[in-house]
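All remarks here apply to the structure that follows.
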Number of protein chains: 2
Amino acid sequence: MEKVVSDAVNAIRILSAESIQQANSGHPGLPMGAAPIAYTLWARHMHHNPKDPQWLNRDRFVLSAGHGSMLLYSLLHLFGYGLTKVDLMNFRQLKSKTPGHPEYGHTVGVETSTGPLGQGVANAVGFALAESMLAARYNKEDIRPIDHYTYCLCGDGCMMEGIEYEAASLAGTWGLGKLIVFYDSNGISIEGSTDIAFRDDVARRHEAQGWQVLTVDDGEDIEALDAAIVLAQKCTDKPSLIVVKTVIGYGSPKAGTAACHGAPLGDEGLAASKETFGWTAKPFEVPNDVARHYADCAAECAKAQADWNKVMKAYKAAYPDEYEELMQRKSGKLSRAIAEEKTLWKFKDGDSTRNTSGAILNKLADWLPELVGGSADLAPSNMTYLKNKGDYSKENTAGRNLHFGIREHAMAAITNGLYLHGGFAAFCATFFVFSDYMKNAMRMSALMNIPVTYVLTHDSIGVGEDGPTHQPVEQLVGLRSIPNLKVFRPADGKETAAAYISALTGKQPTAIVCSRQKLPLLSKSGPEALKGGYIVRESEKETPDVILIATGSEVSLCVDAAEALSAQKIDARVVSMPCIEVFEAQPKAYREQILPPEVRARVAVEAGSAYSWFKYVGLDGATVTMDTFGESAPADQLFEIYGFTAENVAKTAAKVYKAYKKSLQQ
Amino acid sequence: MEKVVSDAVNAIRILSAESIQQANSGHPGLPMGAAPIAYTLWARHMHHNPKDPQWLNRDRFVLSAGHGSMLLYSLLHLFGYGLTKVDLMNFRQLKSKTPGHPEYGHTVGVETSTGPLGQGVANAVGFALAESMLAARYNKEDIRPIDHYTYCLCGDGCMMEGIEYEAASLAGTWGLGKLIVFYDSNGISIEGSTDIAFRDDVARRHEAQGWQVLTVDDGEDIEALDAAIVLAQKCTDKPSLIVVKTVIGYGSPKAGTAACHGAPLGDEGLAASKETFGWTAKPFEVPNDVARHYADCAAECAKAQADWNKVMKAYKAAYPDEYEELMQRKSGKLSRAIAEEKTLWKFKDGDSTRNTSGAILNKLADWLPELVGGSADLAPSNMTYLKNKGDYSKENTAGRNLHFGIREHAMAAITNGLYLHGGFAAFCATFFVFSDYMKNAMRMSALMNIPVTYVLTHDSIGVGEDGPTHQPVEQLVGLRSIPNLKVFRPADGKETAAAYISALTGKQPTAIVCSRQKLPLLSKSGPEALKGGYIVRESEKETPDVILIATGSEVSLCVDAAEALSAQKIDARVVSMPCIEVFEAQPKAYREQILPPEVRARVAVEAGSAYSWFKYVGLDGATVTMDTFGESAPADQLFEIYGFTAENVAKTAAKVYKAYKKSLQQ
């Protein structure tokens, strides 16, 4: 190997180890073991341009083993993405550009946030899926504006996680030939040799899932890595897995042991590693020839963009409409102003919100070519099928309906990748209770703050006969407590429309939680729902005796309860609160107009955990909520026995009102 | 095939279809397609005794595809487990013994609750693991008290879920030869042919995971099924997968289509199915010869228990100590009264609760032979390694440390199975934030109400440099809102001891949420923590001006804040609330003694979502909580910038106190 090349590889190692030592925290094992993979890919194969990190047709790189973040930061530094020596020295420090795990939107060149293992592979499947869908729509016989690879680097941890298997299954089924995953197979995880917990034949398993599998027996052999990448690129009908046998912490005294996975090498270990590599540069410095070498590689890699610019010029001339649509989609802005569409707000009475959701989705899909999505094998129940939009498959990459199979976790992480690629408004769907299976991927949408839409139907004991395994209870507060995530639980079609408008025009992820059962159309609902909380039944007095707060299927119940209270001379206001997060973002004056602070007699009604509602009802109020598991029975019987009746709500409200009045008199 | 046999198979089908039709809800596809598998297994192979469903050495059967519940109910009815004709007629009705999905503890003969797909396979791995561990401890050269199979039936949905892959990997790695899984491969899921989403070679994949794979091409061929079961039983060093090609909804007009997966056949469809099978019995009746045949089979299957009883008599005579220990373990009661162990309560100052947790676990493991568990590859970080207790592996089934690998979801579901088998007190562990990955399996522990212990360390921004992907925020309220689950977040070693005592002596599942960082030993902590909430810093007056409520790492902070408030002449009480669920179970008088209703100036302090605390602080109080994601930096800096300082808590409390006092004067 040419010395500048081996020095270039070792620069990744040493910079990583130095940064980790400086931070006294981090994971040197992966960067040191996988440096040759990263070098070979980034320097010789990846089409990317550090001067334009947002280039639409760049090859994507996902570091699924996010704890190896210093590998990525070293690359971004060496290739000139703007990460400075000082940034490396501030690894894992407050407000630095180099946090412990890579963070999307925080560090230029990071395509997705990783850390929770396995999700990066699923994100990568989403990137490759996006590429194939855009290619199907925009590429022409003669000109191909979309034509790039998605590369991913994962480790043993990713391979053990079920989500990797789920994602690999979809990648194989979909035949994503432009997806190339490197498996950094070093045989070590935190508890020791992977042999104690993981004896799978990973190669054979991926072959069984429809992948091409290539093996590089010596992770130090750059030419072998190079050859494998070429073979992987050539296989266009299957995703490729390149199994690379590496040594964790290569070159350090603890190489090949778990001891160098997640702890700094120590000053002595670092010095010994430098000795091994004949590394004499000052800390955080790279020799001039290495720096020049990386600059040359970066320039070479960026040539692809210059070529692409020419392609796009021709494309614009030959296909101006497609060009414009593609640029519009790249911008991330919706291609049509949906909030002004009046037909979005028209619904018949007595429909389930899963149905109104389905009707809205279909209208939106007609208007927005960028809207794609699907369900975890529940489209006929979630009502998420987009009519006449085709089914995405290996044979039809133009289809806009995604069949994710029964793989919630991969579905959510793939949808994150699909959005992150650019060019899509993306949704995915399952039964609400099974949001549990994809909780952490939803959290990642929220952490990255990307507007992925989750359609979650069958939202309560309204599920009925399927019983407690299928009846959500704690999921509403579980999602509401995720920072950045908006959770809508619409009460009728109009509130469902508001939820979709908020979801698609906002910048955050949104969960839209829908009923299985039919619900009445509220007379007072409408665009006010875009404020998150509003009055659907006004009190007679300006200051009501009692306020009933509800969401979804419990709103109409509260309207009925208010009528019953009226007969008892108790003046009740009903507030529909389809989205707490949006309500909380309103000005204080608005919030206090809806929930006057002096009205302490408040009852929150929701067929979910009470934890969501103490914030509004305080110590003087009460909740009519679901704080046990449900059971298997027809839904109407369950609502009855668990107290979700106008009668019980009215009774509770009257009690609260009287007790509060009494407390004031004391 | 003998007519009585085909009638016996068809009885399962018809009873299932009739019950589903009667309920007008349910899933006929699986019971009709998989009836021959179930028949062959239950009637010819399974060692079980309907008269003693708790027999320790019975073969276990898990219906992982829980939506096919009527298959199991039909079997339980036909074999005489006590489910009556009326029970079948009440399928999916309120309070019936035949809920929509099988429920453990509710219906005799149901070994585990299933429905959330894939988890049943992992439960079955747990059963087989339990069998192998008990066998290692109790079996002797000459006498084998523990020697049974675990059978599991799963469908395409289970096979797509990542948890199945994770569980299969562990079963293969562990060489669980007594585990036999049937894959009801009908090629249909809700969205249509599985081909649209699932083109894996399932057989080859399992082979790559160390399984023996057998295939039965015709799911109607009872002799082929029989032969496959025999081969599976003979393979003792690998788990076996029997891939059975079946026809969903076999015999019904919609056979082979998604239409019969999850909807009743309709009256006509049911009639046509009866016609197909030449079925003339009255609804919910079985012909006499079929009933007799099942009675004969049941008697035959039960003979194994009679043989075993003889074995146990010999065992008791030859190995009285082991016999007694085994019987003790079967009883489910702890083998030693740990609450009275004084050494459990001794800790040095300034230790992390993950460390005190590790110390306690090791003491408990010395005392309790039934205690086993492990981590998802984080034992050195979770501090869950049981010293000198051996590592469980294919080669050492006597080991009590389980290496689950990086597979949180399967870990939790396997631990559920391990407990359900009987004979164990079981725990599992990971970083708290990754409880997300196993959330639904934890929910299943709670739904089944079984005392599995979850050790969840690295509980807040105290994680520090690993950053927001690794810092829990919403997980505390996420778990607290699960019905039946106890969530302890101990403030020091003594509270950690209380958590373990509560966990191991209680009947519910418990999550023990521990710090990464060191915490001071509180002077007032101790067995009072067993009440869930108690006073750790008394106010000077009987009725304090303000109450500070905290958990875990924030308790000592509040004690400091109370001192600071004292200097401002504000009299503060500090309540440590390690477990809200246990506190809520105390008598009202106790709760009001700790939190006097008249003291409305309250501040809750916890480095987690505020949603947990509004219940106690109401509209007059405040929270010092974590309602955004954290970031990557040293932990002490994070606590500072997010307001977890005695100074900020004191300031907040002073403000709350003054505002409340003012409101009283108005």
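Using a Cα-Cα cut-off of under 14 Å, which aspartates and glutamates could be cross-linked to A:Lys238, ignoring same-chain neighbours fewer than 8 residues away?
Counting by Cα, and skipping residues close in sequence, A:Lys238 has these aspartates and glutamates nearby: A:Glu207, A:Glu395, B:Asp200.
So which aspartates and glutamates pass the test for A:Lys97, namely a Cα distance under 17 Å, with those fewer than 8 places away in the same chain ruled out?
Hits, sequence-local ones excluded: A:Glu18, A:Asp87, A:Glu111, B:Glu465, B:Asp466, B:Glu631.
When Cβ neighbours within 10 Å are restricted to other protein chains, what is their mean count per residue of peptide A:480-486?
On the way: counts 5, 13, 7, 9, 2, 1, 0.
Whole-number average of other-chain Cβ neighbours for A:480-486 is 5.
For chain A, which longest stretch is free of loop sites, where a loop site is one of the GluC sites (Glu not before Pro) that DSSP puts outside H, G, I, E and B and that has at most 15 other Cβ atoms within 10 Å?
Details: sites that count: A:Glu2, A:Glu141, A:Glu285, A:Glu341, A:Glu395, A:Glu538, A:Glu540, A:Glu542, A:Glu598.
With GluC sites (Glu not before Pro) excluded where exposed in loops, chain A gives A:142-284 as its longest stretch.
List the residues, sorted by chain then number, that are 5 or more residues from B:Val624 or on another chain and whose placed amide H is less than 5 Å from its amide H.
Amide H to amide H, under 5 Å and 5 or more residues apart or across chains, B:Val624 pairs with B:Ala604, B:Val605, B:Glu606.
What does the average come to when, for each residue of peptide A:93-103, you count the partner chain Cβ atoms lying within 10 Å of its Cβ?
Numbers: counts 5, 9, 5, 3, 0, 1, 8, 12, 7, 2, 6.
Per residue, the average neighbour count from other chains is 5.
By count of other Cβ within 10 Å, fewest leading, how are A:Ser556, B:Ser25, A:Ser357 ordered? Before the final figure, lay out each step's value.
Working: A:Ser556 22, B:Ser25 19, A:Ser357 29.
By the 10 Å Cβ count, ascending: B:Ser25, A:Ser556, A:Ser357.
Roughly how big is the protein assembly as shown's charge dipole about its Cα centre, with Cβ charges of +1 (Lys, Arg) and -1 (Asp, Glu), in debye to the nearest 20?
Values: 134 positive and 156 negative charges, 577 e Å.
Here the protein assembly as shown has a charge dipole of around 2780 debye.
Return a whole-number percent for the relative contact order of segment A:54-196, with Cα pairs under 8 Å and 6 or more residues apart as the contact set. Show your work: numbers first, answer last.
Values: 230 pairs, mean separation 38.3, N = 143.
Averaging sequence separation for qualifying contacts and normalising by length gives 27 percent for segment A:54-196.
Roughly how many debye, to the nearest 20, is the charge dipole of chain A about its Cα centre, given +1 on each Lys and Arg Cβ, -1 on each Asp and Glu Cβ, and no other charges?
My answer is approximately 1740 debye.
Return the subset of B:Lys95/B:Lys333; B:Lys51/B:Lys333; B:Lys95/B:Lys234; B:Lys342/B:Lys507; A:Lys651/B:Lys531; B:Lys316/B:Lys486 for which the Cα-Cα distance in this structure is over 31 Å, preserving the input order.
Details: B:Lys95/B:Lys333 29 Å; B:Lys51/B:Lys333 23 Å; B:Lys95/B:Lys234 42 Å; B:Lys342/B:Lys507 23 Å; A:Lys651/B:Lys531 33 Å; B:Lys316/B:Lys486 38 Å.
Correct reply: B:Lys95/B:Lys234; A:Lys651/B:Lys531; B:Lys316/B:Lys486.
Taking every residue in A:602-611, how many Cβ atoms of other protein chains lie within 10 Å of its Cβ, on average? It would help to have the intermediate numbers written out before the result.
Values: counts 1, 0, 0, 0, 0, 0, 1, 7, 3, 11.
Mean partner-chain Cβ count within 10 Å for A:602-611: 2.
At what distance in nm do the modelled label points of B:Asp226 and A:Ser566 sit from each other, each positioned 7 Å from its Cα along Cα→Cβ?
Spacing of the two 7 Å Cα→Cβ label points: 7.3 nm.
Under 12 Å from the Cβ of B:Asn484, count the other residues' Cβ atoms, weight Lys and Arg +1, Asp and Glu -1, and hand me the total.
Details: positive: B:Arg443, B:Arg480, B:Lys486, B:Lys507; negative: A:Glu474, A:Asp627, B:Glu581.
Summing Lys/Arg as +1 and Asp/Glu as -1 gives +1.
Where the centre of each part is set by its Cα atoms, how far does segment A:325-356 sit from segment A:514-588, in angstrom?
Segment A:325-356 and segment A:514-588 have Cα centres spaced 24 Å from each other.
If you count the DSSP beta bridges with both ends in segment A:143-277, what percent of them are antiparallel, to the nearest 5?
Numbers: 2 of 18 bridges.
In segment A:143-277, DSSP labels about 10 percent of beta bridges as antiparallel.
Around B:Phe91, which amide H atoms from residues at least 5 apart in sequence, or from another chain, sit under 5 Å from its own amide H, with H modelled in the peptide plane?
none
Nearest-to-axis residue of chain B, judged by Cβ, for the B-to-A rotation, with distance in whole Å?
Closest to the axis: B:Gly162, 1.
Along Cα-to-Cβ, 7 Å out, sits the label point; list in nm, shortest first, how far the one on B:Asp237 is from those in the other copies.
Here B:Asp237 shows inter-copy label distances of 3.9 nm.
For every other residue with a beta carbon closer than 10 angstrom to the beta carbon of A:Ala412, add +1 if it is Lys or Arg and -1 if Asp or Glu, then tell me the sum.
Values: positive: A:Arg407, A:Lys439, A:Arg443; negative: A:Glu408.
Taking every other residue near A:Ala412 into account, the sum is +2.
Note down the relative contact order for segment A:521-632 as a percent, whole number, built from C-alpha pairs under 8 angstrom at least six residues apart.
Working: 195 pairs, mean separation 31.1, N = 112.
Rounded, it is 28 percent for segment A:521-632.
For the protein assembly as shown, what proportion of DSSP beta bridges, expressed in % and rounded to the nearest 5, is antiparallel?
Details: 15 of 123 bridges.
Close to 10 percent.
So, counting K/R as plus one and D/E as minus one, what does the shell of residues with Cβ under 11 Å around B:Phe431 add up to?
Values: positive: B:Arg354, B:Arg516; negative: B:Asp377, B:Glu408, B:Asp436, B:Asp459, B:Asp466.
After counting each charged neighbour, the total is -3.
Using Cβ contacts closer than 10 Å as the measure, can you line up B:Thr397, A:Thr551 from fewest to most? Don't skip to the answer; put the middle values down first.
Values: B:Thr397 19, A:Thr551 30.
Ordered by Cβ neighbours within 10 Å, fewest first: B:Thr397, A:Thr551.
Kindly put A:Thr194, A:Thr112, A:Thr107, A:Thr236 in sequence by how many other C-beta atoms sit within 10 Å of each C-beta, fewest to most. If you can, show how the numbers build up before the last one.
On the way: A:Thr194 25, A:Thr112 31, A:Thr107 21, A:Thr236 11.
Starting with the residue having the fewest Cβ neighbours, the order is A:Thr236, A:Thr107, A:Thr194, A:Thr112.
If contacts are Cα pairs under 8 angstrom and at least 6 residues apart, what is the relative contact order of segment A:145-241 in percent?
Values: 121 pairs, mean separation 35.3, N = 97.
The normalised contact order for segment A:145-241 reaches 36 percent.
Okay, which of segment A:608-644 sit inside 20 Å, backbone N to the point 7 Å along the Cα-Cβ direction of B:Leu664?
Only A:618-621 pass the distance filter.
R0 = 30 Å: FRET efficiency of B:Phe284 with A:Glu640, Cβ-based, nearest 0.05?
Numbers: r = 28 Å, r/R0 = 0.92.
Computed FRET efficiency for B:Phe284 and A:Glu640: 0.65.
Which of the three applies to segment B:150-253, rounded, prolate or oblate, going by the alpha-carbon gyration tensor with a ≥ b ≥ c and a/c under 1.5 meaning rounded? Before the final figure, lay out the partial values.
Details: a/c = 2.34, a/b = 1.26, b/c = 1.86.
In terms of gyration-tensor shape, oblate.
What are the distances, in nm and sorted shortest first, from the label point of B:Ala314 to the label points of the same position in each other copy, with each label point placed 7 Å from Cα along the Cα-to-Cβ direction?
Label-point separations across copies, in nm and ascending: 8.4.
If you take the beta carbon distance between A:Tyr590 and A:Lys518 as r and set R0 to 41 Å, what does 1/(1 + (r/R0)^6) give as a FRET efficiency, to the nearest 0.05?
0.85
Could you rank the peptides B:480-488, B:287-295 by their average count of other C-beta atoms within 10 Å per residue, with the highest value first?
On the way: B:480-488: 23.7, B:287-295: 16.1.
The densest-packed peptide leads the list: B:480-488, B:287-295.
If I model a spin label at A:Ala295 and A:Glu598 as a point 7 Å from the Cα along the Cα→Cβ vector, what separation in nanometres do I get?
About 7.2 nm separates the two model spin labels.
How would the protein assembly as shown be classified by its alpha-carbon gyration tensor: rounded, prolate or oblate, with rounded meaning a/c under 1.5 and the a/b versus b/c comparison settling the rest?
Details: a/c = 1.18, a/b = 1.04, b/c = 1.14.
Rounded, since a/c falls under 1.5.
What whole-number distance in Å separates the alpha-carbon centres of segment A:245-316 and segment A:159-174?
Centre-to-centre (Cα) distance: 29 Å.
Bear in mind that the values in this text are calculations on the coordinates, not laboratory data. These numbers come from a predicted model, not from an experiment. Note: ideal-geometry Cβ built from the backbone for every residue, glycine included; neighbour counts use all protein chains shown.
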